[in-house]
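The block underneath contains the structure these notes are about, expressed in structure tokens.
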Amino acid sequence: MITARAHTNIALVKYWGKKDQKLIIPQTDSLSLTLNEFYADTSVEFRDDLTADHIEIDGHVVTGHVADKVINFLNIIRKMSEKNSYANVISTNHVPVSAGLASSASAFAALATAASKAAGLELDRRDLSRLARRGSGSATRSIYGGLVEWHRGTDDLTSFAEPIMENVDFGIEMIALLLNTSKKKVSSRQGMQSSVETSPYYPAWHKVVAHDMVAMKKAINNQDIDQIGHIAEENALRMHALTLSADPGYTYFNGETIRAIQAINDLRSQGISCYYTMDAGPNVKVIYDRKNRSKIIEYLGKLFGQEKLIVSKPGPGVKIISK
Ligand code: 2P0
């Protein structure tokens with residue numbers, strides 16, 4: 001049995017839309033920070049005595065839609081390796097209880113790594129990144145630690161991620177502000193497709209991302225956390241404008257999301273620099289320099305409760321942790 005550990009990542013320049021839904025080729029490039037606090041451990045073995053794939057997540061046997069996604073992914077690996085047996089898959093998400101941050105990024109990065117190795121394939125990281133992409137777009141980036149870029153490419157061979165800075169040696173950190181843990185109504189898969197097909201602003205999103213990728217890489221090169229935070233915040237708001245402007249329009253924000261945005265703006269107006277980003281859910285992630293950590297925790301802790309805040313440093317890439 002092979003066990004792999006993969007950490008989740010938060011995009012600073014978001015992926016929001018596919019060009020090819022089957023191969024998961026995105027419309028644009030994207031760029032993320034892998035986080036140390038949230039990860040998945042996934043164990044896989046292929047066994048000739050099994051009569052079906054057996055999939056267990058966080059202690060429960062899964063069936064239906066979730067199982068189908070895993071089985072389809074295992075089918076890709078069976079085709080690549082010419083292995084015909086079924087697999088036993090056991091996965092544990094290491095996220096704070098009901099944090100609502102269990103992520104398909106860490107899940108499919110860990111599954112790609114463990115299952116390909118268990119099937120006898122020896123893939124390099126670029127090929128692992130391409131393989132993880134077939135499970136979930138954001139998983140493409142979770143193969144690597146630190147700051148990571150996903151090149152959209154044009155086909156299966158050319159759409160993969162690469163590290164920009166694997167060992168992040170400056171003070172960037174994130175606080176996950178856990179505001180709501182209930183299941184989202186619009187999945188990211190449906191949501192991004194609806195934005196591509198119906199938002200009149202989608203053509204502008206291409207321009208936004210092309211600009212932000214260049215500016216973000218420059219800011220990273222300069223280790224300029226204010227600039228990184230500013231670009232990430234603006235990019236997140238523009239991504240969320242694609243949800244509001246879809247038909248039918250929708251939003252992942254709730255009232256608490258808006259309250260958190262206002263709190264971060266208040267902190268900034270007090271001279272404490274920090275920035276926000278949101279994904280396909282109401283939770284807010286705060287981007288800041290570690291030297292401001294205690295002041296941010298104190299302020300947000302008073303407003304939202306200390307137990308809602310999880311501090312994370314940059315995290316590592318995927319690893320085989322036992323075989
Ligand atoms: C991202 N998100 O770049 C963006 C920003 C959410 C908002 O990637 O359909 O689970 O499996 O490729 O990767 C979440 O979508 O979607 C996501 P699929 P995924 O992190």
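Below are the figures for this structure:
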| item | result |
| --- | --- |
| Subset of the stretch 7-52 (residues that are part of a loop (DSSP other than H, G, I, E, B) and either within 16 Å of the ligand (Cβ to nearest atom) or buried (at least 19 other Cβ atoms within 10 Å of the Cβ) (or both)) | LYS14, TYR15, TRP16, GLY17, GLN21, LYS22, LEU23, ILE24, GLN27, THR28, ASP29 |
| Within the stretch 147-171, tally of residues that are in contact with a Leu (Cβ under 7 Å, 6 or more places away or on another chain) and within 18 Å of VAL286 (Cα to Cα) | 2 |
| Scan of the stretch 242-265 for residues that are surrounded by fewer than 17 Cβ atoms within 10 Å (Cβ to Cβ) and either small (Gly, Ala, Ser) or in contact with a Cys (Cβ under 6 Å, 6 or more places away or on another chain) (or both), ordered by number | SER245, GLY249, GLY255 |
| Exclusive hit being closer than 27 Å to ILE258 by Cβ, polar (S, T, N, Q) and not in a loop (DSSP other than H, G, I, E, B), set SER195, SER129, SER116, SER142 | SER195 |
| Positions within the stretch 54-77 being buried (at least 19 other Cβ atoms within 10 Å of the Cβ) and more than 15 Å from the ligand (Cβ to nearest atom), in sequence order | ILE55, ILE57, LEU74, ILE77 |
| Looking only at the stretch 71-88, and only at residues there that are of a type in the set (A, V, I, L, M, F, W, C) and in contact with an Asp or Glu (Cβ under 7 Å, 6 or more places away or on another chain), the one that is nearest to SER187 (Cα to Cα) | ILE71 |
| Criterion violated by LEU111 - all others in (1) within 15 Å of the chain's Cα centre (by Cα); (2) surrounded by fewer than 19 Cβ atoms within 10 Å (Cβ to Cβ); (3) not in a strand (DSSP E or B) satisfied | (2) |
| Criterion: closer than 23 Å to THR257 by Cβ and more than 13 Å from the ligand (Cβ to nearest atom) - qualifying residue of VAL214, VAL208 | VAL208 |
| Leading residue by the ranking (most open to solvent (accessible area, probe 1.4 Å)) among those in the stretch 266-280 that are within 14 Å of the ligand (Cβ to nearest atom) and not β-branched (Val, Ile, Thr) | ASP279 |
| Subset of the stretch 1-20 [more than 17 Å from GLU233 (Cβ to Cβ) and small (Gly, Ala, Ser)] | ALA4, ALA6, GLY17 |
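Here's the yes/no breakdown for (1) more than 16 Å from the ligand (Cβ to nearest atom); (2) not polar (S, T, N, Q):
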{"position": "TYR86", "(1), (2)": "yes, yes"}
{"position": "VAL89", "(1), (2)": "yes, yes"}
{"position": "THR92", "(1), (2)": "yes, no"}
{"position": "LYS117", "(1), (2)": "yes, yes"}
{"position": "GLY120", "(1), (2)": "yes, yes"}
{"position": "LEU123", "(1), (2)": "yes, yes"}
{"position": "GLY135", "(1), (2)": "no, yes"}
{"position": "ARG141", "(1), (2)": "no, yes"}
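The values are calculated or read from the model by the stated rules, or taken from the named source; none is laboratory data. Remember, predicted model here, so these are calculated numbers, not experimental data. Using ideal geometry, Cβ is built from the backbone for each residue, glycine included, and neighbour counts are taken over all protein chains shown. Ligands, DNA and RNA are excluded from the accessible area calculation, which covers all protein heavy atoms including side chains. Shrake-Rupley method; radii C 1.70, N 1.55, O 1.52, S 1.80 Å.
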